[in-house]
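Data first, discussion second: the structure below is written as structure tokens.
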Amino acid sequence: MALTRIWRLLLCLGTLQATLGQSNVACRNDRGEEVDWYILYKLPKSKGDGLNYLYMDERTQGWRESVEKINSPKGSMANTLTPLFDYYKKKTEGFGFMLYNDQPPKGLKPAPASFGHAKGVVMLNKTSGVWLAHSTPQFPSYQSEMFWPSSGTNNAQTFFCVTYAYSEFKKIGVHLKYIHAFPFDSVFPTYFYDELKCVAQRSCYPKAKPWFKVTELISLKGHHFKSFAKYTRFNDDLYAGLIVNFTKQNIYVKSWGSMRQPLPSNCTQIIPHFVYNIKEVNPHRKGSFPDTVDHSKWCVTATGDFTCVADMNREVSQMGRGGGAVCTDDTNVGEAFLTAVYKTQPCDDPQLPAENGEHNDKK
């Protein structure tokens, strides 16, 4: 009789451990395995069907071509978003999330221009969570497991997912406050950090200088990342006004190529180091494509020792909007992005007359 009770107890404990393992909130690869971080580079439709993507994490030492599609229920993105899908179905206790996007999914109210030019997903429980920064308008779809918007297929996009302990999300909340993120869907238990809840309620933003924030973040496995955030009153370019002052070397910047008032490559003596616009990329030698079909936002130093996946374009009107970047000093990441730089804009490239206003980048 005693042996039967012990067996039942062990069975219950095993079931509980399996359930907890399945509900971990973490970045996940194409096999559903937990990873500390990953970066996806979705390729444009001009390089296939618009759903292929390159993948890297701490173990790949550079890009790998995924056998899955970005919208696949078995791919890295779906695997990572599974806790969100579970919440939709069963309202998971102790789980919180915030989906923010300056261009929310179709059918929802648009974001006021006073909010930041920023896109991302925050999901967590009291143990761990993920912060997924990305460049895709209308992503993820509103309260649906069919998470990929058809509008995201044509152009290249980037995604940067990092798994953090719960304690780091207080700092992440402050970052989201500085960029004045626009949440289109969110749920947080009352005992979660106020810094997250006030952003979710669209009720907090910086009210005093400095109008920027640089934060050290440490992943669940101890990798160090740095986030850069600027509020609208910073009134300068994210790259030439903030990031290059930290890197103290020249940087190459990839932003959307169809803007009304693009900022030229900055090679003036006003800033100590130069900022070069990337006009064409060739990641993983899959064939080059121009910035007009690449909606990703990222930058890399000339030495490849510092790489950022960002929210912002180099555009006049975005100097006056909030936004930021998540950065790493992993040299494998730097090498992957630096070798993707195929063509840059010379500093003496003449700029055509531009219209007023920001281009609506719903691509």
Exercise. Calculated from DSSP H runs of 4 or more alone, at -39500 (n - 2.57) each and per residue, what is the 222 nm mean residue ellipticity of the chain, nearest 500?
Worked result: -5500 deg cm²/dmol
Exercise. Looking at region 59-92, which trypsin sites (Lys or Arg not before Pro) are in a loop (DSSP not H, G, I, E or B) and have at most 10 other Cβ atoms within 10 Å?
Worked result: 91
Exercise. For region 244-331, what does the alpha-carbon gyration tensor say about shape, rounded, prolate or oblate, given a ≥ b ≥ c as the root eigenvalues, a/c under 1.5 as rounded, and a/b over b/c as prolate?
Worked result: rounded
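Restricting to DSSP loop positions (anything but H, G, I, E, B) with no more than 14 other Cβ atoms inside 10 Å of their own Cβ, which chymotrypsin sites (Phe, Trp or Tyr not before Pro) remain in region 131-202? All intermediate terms of the calculation are to be shown ahead of the outcome.
Working: sites: 131, 142, 147, 159, 160, 164, 166, 169, 178, 184, 191, 192, 193; in loops: 142, 147, 191, 192, 193.
Within region 131-202, the qualifying chymotrypsin sites (Phe, Trp or Tyr not before Pro) (loop, at most 14 other Cβ atoms within 10 Å) are 191.
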Exercise. Nearest 20 debye, what's the magnitude of the dipole of the chain about its Cα centre given +1 on Lys and Arg Cβ and -1 on Asp and Glu Cβ?
Worked result: 880 debye
For this session: Using a Gaussian network model of the chain whose springs link C-alpha atoms within less than 10 Å, name the residue from 206, 44, 183 with the highest mean-square fluctuation.
Result: 206
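Hand me the GluC sites (Glu not before Pro) from region 44-116 located in a DSSP loop with no more than 11 other Cβ atoms within 10 Å, in residue order please.
Working: sites: 58, 65, 68, 93; in loops: 58, 68, 93.
Loop-located and lightly packed - 93.
No value in this document is a laboratory result; all are computed from the given coordinates. Computed from a predicted structure; not experimentally measured. When we count neighbours, we look across all protein chains shown, and the Cβ atoms used for this are built from the backbone with ideal geometry, even at glycine.
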